[in-house]
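See below for the structure under consideration.
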Amino acid sequence: MAEKRVMEMALATTGIDSAGRPVRIPLGVEGEDVEPELGGEHMLLNLGPQHPATHGVLRLVVELDGEVVVRCVPHVGYLHSGFEKLGEYRHYNQIIPLTDRTDYLAPMSNNVGLALAVEKLMGLTITPRCTVLRVIACEMSRIISHLVWLGTTAIDIGAFTPFLWTFQEREKIYDLQEAWTGARLTTSLTRVGGLMADIPDGFVEGLRTFCQNFHKTIDEVERALTRNGIWVARTQGIGALSGEEAINWSLSGPMLRASGVDYDVRKDRPYLGYETYDFDVPIGEVGDVYDRYLVRVEELRQSNRILEQALDRLPDGPINVDDHRVILPPKHAAMSDMESMIHHFKQVMEGVKPPVGEAYLPIESPKGELAYYFVSDGTAKPVRWRIRPPAFINLAALPRMAEGHLLSDLIAINASVDIVMGEVDR
């Protein structure tokens, strides 16, 4: 259903270029006379690292022939924080705040990914209520991230009003996120074996109201953009990647699916019971900026579907595993029971200790396949913590997508990648 919807949105015919890649042929352009090329020197332009259109401290060194991009070299590292090295000196639960600060537009999703990786290392099975609440957290994060992408990309291309609509909806999610965790941005939601807190009173009703009304905003955005002549001209045929190229560049998430590759970790390597939810994976055809827009818009609708199903099946019960060697005992128990006090002391002072081994676990974050890799020597701190950052890997294809396009198109292409520099630099 979602794939058909994306295909029907295409407003230009498709053809095949000399390399065998699908391309869009804009209507009314074929056969027009082209002015002979004018000679001139190439110019080097520094775009960023302080520029709103680079979405963070990203520096693009661009070689221009007039306004045509001949070469584009991304320079990263301006926001390097050393998260992976810091993790080697932190208890496993102490690493969770670091994940808030990688993709800071989807902190709860990052928290869930780390907890799942450590739980895999320890062989833990979380409770049914915790499982569904983590699904809710992940899909709320996807909606927040895609809304930010949609609003800011619209501004980059010249449309301001959708930014106001999308950020208004984002605020509603942030209110719910703050009620749950006490924070809007750095949530630190999960714990190894469970969650830092259960959802508060009124949360289910508030989220259900959001889900019932959210589709109206998406419809409004699509009425403003999807068949808008300026939006179509600025996005169709721009920065196209074929499915084969996307795979060769190791792209993931909406970037990969927009190029026609049907891969979603939630479907292909299910976790948190995603295989039991009814949702579609939107797929593009040409892999240009327009397809990436359509895929993300449809993913907003599908995340809304998943949230509604999760609310309907949310069970009662505990949110944490019943093992005080992993989860802190209740405060009243720690103050009145000797064994509970010992567990509390050992956890705070020594931390959770997984067995010797290693674990790699991927999840479908808003930007693509986010994975955490841990190596344990049996102590409370990992020997190695490695992040597979989808934004960093997706950014690597930017030079390939930008070559031959205008400088103004580079802004649209860079926006379509949906980078966040906290994750790129780590």
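The values are calculated or read from the model by the stated rules, or taken from the named source; none is laboratory data. Quick caveat: nothing in here was measured; it's all calculated off a predicted structure. Glycine gets a Cβ as well: all are built from the backbone with ideal geometry, and neighbour counts include every protein chain shown.
Given the residues Thr217, Thr186, which is the only one that is in contact with an Asp or Glu (Cβ under 8 Å, 6 or more places away or on another chain), β-branched (Val, Ile, Thr) and assigned to a loop (DSSP other than H, G, I, E, B)?
Result: Thr186 is the single residue among Thr217, Thr186 that is in contact with an Asp or Glu (Cβ under 8 Å, 6 or more places away or on another chain), β-branched (Val, Ile, Thr) and assigned to a loop (DSSP other than H, G, I, E, B).
Among what's in segment 265-276 and is out of contact with any Lys or Arg (no Cβ under 8 Å at 6 or more places or on another chain) and buried (at least 17 other Cβ atoms within 10 Å of the Cβ), pick the residue that is farthest from Asp418 (Cα to Cα). Write out each step before concluding.
Restricting attention to segment 265-276, the residues satisfying the condition of being out of contact with any Lys or Arg (no Cβ under 8 Å at 6 or more places or on another chain) are 265-271, 273, 276.
The next check asks that each one be buried (at least 17 other Cβ atoms within 10 Å of the Cβ); those that pass are 265-266, 271.
On the way: Val265: 18, Arg266: 20, Tyr271: 24 Å.
My answer is Tyr271.
Go through the residues of segment 307-326 one by one and say whether even a single one is of a type in the set (Gly, Ala, Ser), within 28 Å of Gly87 (Cβ to Cβ), crowded, with 18+ Cβ neighbours inside 10 Å and out of contact with any strand residue (DSSP E or B) (no Cβ under 6 Å at 6 or more places or on another chain).
No - not one qualifying residue is present in segment 307-326.
Among the residues in segment 73-91, are any of a type outside the set (Phe, Trp, Tyr), modelled with pLDDT of 90 or more and under 19 Å from Leu241 (Cβ atoms)?
Yes; the residues of segment 73-91 include at least one that is of a type outside the set (Phe, Trp, Tyr), modelled with pLDDT of 90 or more and under 19 Å from Leu241 (Cβ atoms).
If a residue has to be in contact with a Gly (Cβ under 7 Å, 6 or more places away or on another chain), part of a strand (DSSP E or B), within 19 Å of Asn394 (Cα to Cα) and not charged (D, E, K, R) to count, how many in segment 46-68 make the cut?
The qualifying residues number 1.
Among the residues of segment 171-194, is any of a type in the set (Gly, Ala, Ser) and under 24 Å from Ala415 (Cβ atoms)? I'd like the intermediate steps shown before the answer.
Within segment 171-194, the subset of a type in the set (Gly, Ala, Ser) is 179, 182-183, 188, 193-194.
Cutting the leftovers down to under 24 Å from Ala415 (Cβ atoms) gives us none.
No: zero hits.
Just one of the numbered conditions (1) of a type outside the set (Lys, Arg); (2) over 16 Å from His91 (Cα atoms); (3) in contact (Cβ under 8 Å) with a residue 40 or more places away in the chain; (4) surrounded by 15 or more Cβ atoms within 10 Å (Cβ to Cβ) is not true of Pro329; which one?
That leaves (3) as the condition not met.
For segment 309-317, state whether one or more residues are at pLDDT below 95 and touching a Cys at 6+ places or on another chain (Cβ under 9 Å).
yes
Given the structure, is Arg384 within 30 Å of Thr235 (Cβ to Cβ) and among the charged types (D, E, K, R)?
Taking the combined requirement at face value, the residue does not satisfy it.
Which residue pairs have Cβ atoms closer than 8 Å, lie 6 or more positions apart in sequence or on different chains, and pair a first residue in segment 191-212 that is under 23 Å from Val118 (Cα atoms) and in contact (Cβ under 8 Å) with a residue 12 or more places away in the chain with a second residue that is basic (Lys, Arg) and surrounded by 20 or more Cβ atoms within 10 Å (Cβ to Cβ)?
Pairs found: Leu195/Arg134.
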